[in-house]
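Report on one structure; see the data block that follows.
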Amino acid sequence: MENSKNKNLLFFTAPHNAVNRKNKASLNIEKTTAVPDFHQNETATQATSRRPLEPCPDIPPNLQGVLRVEFRTNRTLEDVRQHVGPLLQQGGRYKPANCVAKQKVAIIIPFRNRYEHLNHWLHYLHPILIRQQLDYGVYVINQEGDGVFNRAKLMNIGHNEALKEYDYECFVFSDIDLVPLNDRNLYRCSDKPRHLSVAVDKFNFLLPYNTIFGGVTALSREQFLKVNGFSNTFWGWGGEDDDLYRRIFFRGMSISRPDSIIGRYKMIKHGRDVHNDPNPHNVQKLEETYYNIDRDGLSSLSYAVMEIRKDLCHTFITVDVQAPAG
Ligand code: UD2
Ligand code: MN
């Protein structure tokens, strides 16, 4: 997100089958987030299980469209495990049982001390991603300690760590506090880097400015490599998303977006976190993107993994990002 001072950007407009059969009984997921009744099809699959799976259809058949999302309720991780766990494999992994997913997608979430948000996110997103018939994994990248937060560096780390596990082709980078209000907003990559969170309630469902590229974005492995990932040097709040937009622009690409009906989101209300004050150097740094693309990003990424924890609903990776004191 840009700093308020920085309004001059507009010129840039230029096999792990996840179904645990024993647990079918616990699949009474509420209507609005219901997992499609693919168990019906399961029987058919079993009958023809010797045949290789067909590719999943272009448009997933069980989408619901507009969703009801409610954050004013307490959700524990245990609730979420019961709600969506039976469909998942350890680490927050899933792939469709009856067809070959269009894409292998790693969802990367930058994180520190937002456990309540994480529970909401997992509660809502897993059923959606399952209906979207993705072969996916959820990676929560947790910044250790109380140094200055670095969202962008956590994204780069997530990309690298996810690739150590699986041959992901697409990376969806998502804030922890954003839940889509329409499941037709597919968490997949396309021929252009894609901005998914186009109409957020916090911004009255309007794009605050034309080049905004924060919130939820999807880049293929190739697209992400082409821009050398995010910059690692945006410490504190803001700027890192605009820097990524510029990288995309300078590498000759443009972005795509769903329309503002499909791209609707609800953001969990929150204040500014501690140790994540706006970065006073952002405006200057955004002047320098062009010169920094190759030397600051995936090519210069340095960090230490402290712990990798596999929960049923997500892979939680705690990292030392070598942060300055906050
Ligand atoms: C805007 C952007 C966001 C990012 C940010 C500036 C949209 C819709 N959102 O969000 O993508 O560019 O500005 O950096 O355009 N986080 C933690 N713990 C912390 C601090 C941050 O987990 O202590 C993570 C969490 O995933 C959070 C994200 O970082 O959602 C972005 O931080 P924010 O929610 O405070 O920023 P916000 O809402 O202004
Ligand atoms: Mn937020």
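Derivation of every value follows stated rules applied to the coordinates shown; laboratory data play no part. Everything quoted here is computed from the prediction, not taken from an experiment. Neighbour counts run over all protein chains shown; Cβ positions are idealised from the backbone, glycine included.
Of His123, His270, the sequence from fewest to most neighbouring Cβ atoms within 10 angstrom is His270, His123.
Taking the number of Cβ atoms within 10 Å of each Cβ as an exposure proxy, the fewest-first ranking of Arg257, Arg151, Arg309 is Arg309, Arg257, Arg151. With neighbours defined as other Cβ atoms within 10 Å of a residue's Cβ, the residues Met306, Met155, Met253 order from fewest to most as Met306, Met253, Met155.
Taking amide H as placed 1.01 Å from N in the peptide plane, Val100 has its amide H under 5 Å from the amide H of Glu54, Cys56, each at least 5 places away in sequence or on another chain. Here the relative contact order of segment 178-242, from alpha carbon pairs under 8 Å that lie six or more residues apart, stands at 33 percent. Placing a label point 7 Å from the Cα of Arg51 along the Cα-to-Cβ direction, the residues of segment 80-107 whose backbone N falls under 14 Å from that point are 98-100. Taking the charge dipole of segment 175-326 about its Cα centre, with +1 at Lys and Arg Cβ atoms and -1 at Asp and Glu Cβ atoms, the residue from Trp237, Ala325, Val200 reaching farthest to the positive side is Val200. The 3J(HN,Hα) values that the Karplus relation (6.51, -1.76, 1.60; θ = phi - 60°) gives for segment 291-306 are, in residue order, 7, 9, 3, 6, 9, 10, x, 4, 5, 10, 6, 9, 6, 10, 7, 8 Hz. Gly and Pro appear as x.
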